[in-house]
Amino acid sequence: MQIADQFAETMEENFSVSILNNEGETQDGYVSSYGFAALIYNIKSKKYILFDTGNDANILIHNLKEAGVAVSDIQKIVISHDHQEHSGGLMGIYKKNPNLEIYVPVENQVKFNRKYPLAQVYGVEGILEIDENIFISGQLGNYLKEQSLLLKTEYGKKILLVGCCHPGLYDIFNAFNCTEDIKAIIGGLHDARSFTCLESVDFIGACHCTRNKDILEIRYPEKFHKIKVGENFLF
Ligand SMILES: [Zn+2]
Ligand SMILES: [Zn+2]
């Protein structure tokens, strides 16, 4: 079933988030690989936004096909940070569809501009709304710059997508001025050890590089969700 078709039945939802790359378990037909990628469909704008691209374009394109989405359907790609397992799949997508908007941390803008000359590359410094109710934090972190993505539903729910969380969970929550109102988080939490930010989060989809998955699962058994490639969440 096409991702967009699901909304015919669940009109109260605003976004779908599909996991297209992660290491570990998969749903039938999908392939796993080290790294992270998630595809967002925005019901309001009817646009597909890809957050990170995993490590390998062939795997990403295979998983996109499984999700019923064509490479040409993607108009915007957000790269959380310039680590291979987050940006490695981008060239394969670009070769099939160079007509893209690519959003990178501002310090990576020149490099991405050179590498993807036919795309529109935006270097993001601070909060930027890239699509209706979808915001990028802009680059955070001291030496390794990384940005995150926030989805705001019309009924007050906020969903946070993170790449590796190198700048730290606290700084990411703070960048969006959300100390208590993020309801779901999906992505890599790297070696985060302090989870106080997560107390009010209802859905913890910690995956990819998260080192303390076991601790999170024990601490938040009702909220922790083991992410599988091919899973699709509606918010
Ligand atoms: Zn990573
Ligand atoms: Zn990383």
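The values are calculated or read from the model by the stated rules, or taken from the named source; none is laboratory data. Fair warning: this is a prediction, and the values are worked out from it, not measured in the lab. Here the Cβ is made from the backbone with ideal geometry for all residues, glycine too, and neighbour counts use every protein chain on show. The accessibility values were calculated without ligands, DNA or RNA, using every heavy atom of the protein model including side chains. Shrake-Rupley method; radii C 1.70, N 1.55, O 1.52, S 1.80 Å.
Structure data summary
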item: Scan of the stretch 36-92 for residues that are touching a Lys or Arg at 6+ places or on another chain (Cβ under 8 Å), buried (at least 23 other Cβ atoms within 10 Å of the Cβ) and within 16 Å of Asn108 (Cα to Cα), ordered by number; result: His81
item: Residues satisfying the stated conditions in the stretch 201-216, i.e. assigned to a helix (DSSP H, G or I) and open to solvent by 80 Å² or more (accessible area, probe 1.4 Å); result: Asp214, Ile215
item: The stretch 86-101, residues that are within 12 Å of ligand 2 (Cβ to nearest atom), in contact with a strand residue (DSSP E or B) (Cβ under 9 Å, 6 or more places away or on another chain) and free of Cβ contacts under 8 Å to residues at least 60 places away in the same chain; result: Ser87
item: Total residues in the stretch 46-104, condition part of a helix (DSSP H, G or I) and acidic (Asp, Glu); result: 3
item: Residues located in the stretch 151-200, provided they are open to solvent by 40 Å² or more (accessible area, probe 1.4 Å), assigned to a loop (DSSP other than H, G, I, E, B) and among the β-branched types (Val, Ile, Thr); result: Thr179
item: Inter-residue pairs, beta-carbon under 9 Å, first in contact (Cβ under 8 Å) with a residue 40 or more places away in the chain and in the stretch 188-214, second outside any loop (DSSP other than H, G, I, E, B) and among the polar types (S, T, N, Q), 6+ apart; result: His208/Asn21
item: Looking only at the stretch 224-235, and only at residues there that are out of contact with any His (no Cβ under 9 Å at 6 or more places or on another chain) and touching a residue at least 24 places away in the same chain (Cβ under 8 Å), the one that is most open to solvent (accessible area, probe 1.4 Å); result: Lys226
item: Hits in the stretch 34-47 - residues which are touching a strand residue (DSSP E or B) at 6+ places or on another chain (Cβ under 8 Å), touching a residue at least 40 places away in the same chain (Cβ under 8 Å) and more than 17 Å from Glu146 (Cβ to Cβ); result: Ile40, Asn42, Ser45, Lys47
item: Considering residues of the stretch 49-84 that are in contact (Cβ under 8 Å) with a residue 40 or more places away in the chain, away from ligand 2 (no atom under 16 Å from the Cβ) and touching a strand residue (DSSP E or B) at 6+ places or on another chain (Cβ under 8 Å) only, the residue nearest to Phe112 (Cα to Cα); result: Lys76
item: Residues satisfying the stated conditions in the stretch 150-188, i.e. out of contact with any His (no Cβ under 8 Å at 6 or more places or on another chain), within 16 Å of ligand 1 (Cβ to nearest atom) and farther than 23 Å from Asp131 by Cα; result: Pro167, Gly168, Leu169
